1. Find all pairs meeting these conditions: Cβ atoms under 7 angstrom apart; at least six residues apart or on different chains; first residue within segment 14-28 and closer than 20 Å to Gly87 by Cα; second residue in a helix (DSSP H, G or I) and of a type in the set (Asp, Glu).
2. Looking at (1) among the aliphatic types (A, V, I, L, M); (2) open to solvent by 30 Å² or more (accessible area, probe 1.4 Å); (3) farther than 24 Å from Leu106 by Cα, which is the only condition Ile75 fails?
3. Restricting attention to segment 79-108, and to residues there that are within 21 Å of Val32 (Cα to Cα) and of a type in the set (Val, Ile, Thr), which single residue is nearest to the chain's Cα centre (by Cα)?
4. Test each condition in (1) modelled with pLDDT under 95; (2) β-branched (Val, Ile, Thr); (3) crowded, with 19+ Cβ neighbours inside 10 Å for Val81 and report the one that comes out false.
5. For residues in segment 49-108 being touching a residue at least 60 places away in the same chain (Cβ under 8 Å) and in contact with a Leu (Cβ under 7 Å, 6 or more places away or on another chain), which is nearest to Glu9 (Cα to Cα)?
6. Going through segment 37-60 one residue at a time, which ones are open to solvent by 30 Å² or more (accessible area, probe 1.4 Å), at pLDDT below 95 and closer than 17 Å to Glu73 by Cβ?
7. Keeping to segment 7-30, report how many residues are part of a helix (DSSP H, G or I) and open to solvent by less than 50 Å² (accessible area, probe 1.4 Å).
8. Output the number of the condition that Asp76 fails; it satisfies all remaining conditions of (1) assigned to a helix (DSSP H, G or I); (2) over 11 Å from the mean Cα position of the chain (by Cα).
Amino acid sequence: MTNVFSDTESIKSMIVSIIDQNKGHDIVTFDVQNRTIIAKYMIITSGDSSRHVKALAEHVIKSLERHDEIDVEGIDEGNWVILNFQGIMVHIFRSEVREYYKIEELWN
């Protein structure tokens, strides 16, 4: 498929907007392109429940899937979903799981 996005920054902004519109909590973004080769940006957010985590992931996937391939992990359980799309890693946690793993501390 042909990608209609001109740059990673616009993708990141769109994903953050989708998460915000669907009531994702504590949205944090990190520019990690100078720290790792696996991504340019990390977006981390929380949902209230497994159902909310899954719904947030599904909203992002639905908005992006027509543009390109998305790698998805963890959506079946809904405790922690990882989406990878064109150099952007999106981590969507249940709040308790996010607190347990403290992933932001790895990138601060």
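1. Note: pairs meeting the criteria are Ile27/Asp20; Val28/Glu104.
2. Of (1) among the aliphatic types (A, V, I, L, M); (2) open to solvent by 30 Å² or more (accessible area, probe 1.4 Å); (3) farther than 24 Å from Leu106 by Cα, only one is false for Ile75: (3).
3. Selected residue: Val90.
4. For Val81, the failing item is (1).
5. Step by step, filter segment 49-108, then rank; the result is Phe85.
6. Ile38
7. Narrowing segment 7-30 to residues part of a helix (DSSP H, G or I): 8-21.
Among the residues that remain, those that are also open to solvent by less than 50 Å² (accessible area, probe 1.4 Å) are: 8, 10-12, 15-19.
Going through segment 7-30 one residue at a time, the tally reaches 9.
8. Status for Asp76: all satisfied but (1).
The values are calculated or read from the model by the stated rules, or taken from the named source; none is laboratory data. Just so it is clear, the structure is predicted and the values come from calculations on it, not from any experiment. We place every Cβ from the backbone using ideal geometry, glycine too, and count neighbours over all the protein chains shown. Ligands, DNA and RNA are excluded from the accessible area calculation, which covers all protein heavy atoms including side chains. Shrake-Rupley method; radii C 1.70, N 1.55, O 1.52, S 1.80 Å.
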